[in-house]
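Notes to accompany the following structure.
The values are calculated or read from the model by the stated rules, or taken from the named source; none is laboratory data. These numbers come from a predicted model, not from an experiment. With ideal geometry, Cβ positions are generated from the backbone for all residues, glycine too; neighbour counts draw on all protein chains shown.
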Amino acid sequence: RGFASGTDGESRLARLLREKFPQASAIKVVDISGGCGDMYEIHVESEEFREKRPVQQHRMVTQALSEEIKHMHGLRIFTSAPK
Amino acid sequence: GGGGGGSGSREAVERLVREHPVVVFMKGSPAQPLCGFSNAVVQILRLHGVEDYRAHDVLQDPDLRQGIKNYSNWPTIPQVYLNGEFVGGCDILLQMHQNGDLVEELKKLGIRSALLDAEKDQEKK
């Protein structure tokens, strides 16, 4: 394992999220696996989440990253609409 | 497989999520969680005084582990079901705990959160 270092993984996921959430006002991806690239914290703030239940918001993220998630041990998701 | 016999089939999972108002699919058991996220779910439920619930250890059953993900269309464990409905994983449960939604959802199930009694004790002071 390890062709994707922590920072590479973070950049790749952030880029993917920007494509999938074009209206996002903020995206942050943090490798929380100690650099192993298999556990991430995902933060997305987007108008697309407004009025949606948290589980629906999180599901939009898991579906956007469905391929990547298959290779992760875990992830944390934080979503919100802009204030 | 899909045939209705396996422990990961839609029918089998449906039976499990409906067998109790609070059902959790996790890694390990409430007495001994084997993952930080699963432990978080157990601890949050404990804070609310919810100790009587159904917990299924997906590490004991690979068919169930995949079946529950197919059923909810959700890729990770733990998964929390209230009244047979998928509510979310540990991030969602934590959010619900922090914003008061969990107390409300438990009330709908006829479960009085222990935190309400804790608040009452506070008010007495």
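The set of residues in the range B:110-125 being surrounded by 11 or more Cβ atoms within 10 Å (Cβ to Cβ) and among the polar types (S, T, N, Q) consists of B:Ser113 alone.
The residues on offer are B:Phe25, B:Phe86, B:Phe37, and the sole one that is among the hydrophobic types (A, V, I, L, M, F, W, C), farther than 18 Å from A:Gln57 by Cα, within 14 Å of chain A (Cβ to nearest Cβ) and touching a residue at least 40 places away in the same chain (Cβ under 8 Å) is B:Phe37.
Taking the range A:5-21 as the range and being at pLDDT below 95 and surrounded by 17 or more Cβ atoms within 10 Å (Cβ to Cβ) as the test, the residues that pass are A:Gly6, A:Gly9, A:Glu10.
Tallying residues that are modelled with pLDDT of 95 or more and among the acidic types (Asp, Glu) within the range A:29-47 yields 3. Residues that are more than 10 Å from every other protein chain (Cβ to nearest Cβ) and hydrophobic (A, V, I, L, M, F, W, C) number at least 1 in the following strands (runs of 3 or more DSSP E) confined to chain A: A:24-31, A:39-46.
Screening B:Lys107 with (1) assigned to a helix (DSSP H, G or I); (2) surrounded by 14 or more Cβ atoms within 10 Å (Cβ to Cβ); (3) more than 12 Å from the chain's Cα centre (by Cα) gives one miss only, at (2). Criterion first (of a type in the set (S, T, N, Q), surrounded by fewer than 21 Cβ atoms within 10 Å (Cβ to Cβ) and within 9 Å of chain A (Cβ to nearest Cβ)) does B:Asn73 satisfy it? Considered against the rule, which asks whether it is of a type in the set (S, T, N, Q), surrounded by fewer than 21 Cβ atoms within 10 Å (Cβ to Cβ) and within 9 Å of chain A (Cβ to nearest Cβ), B:Asn73 comes out as yes.
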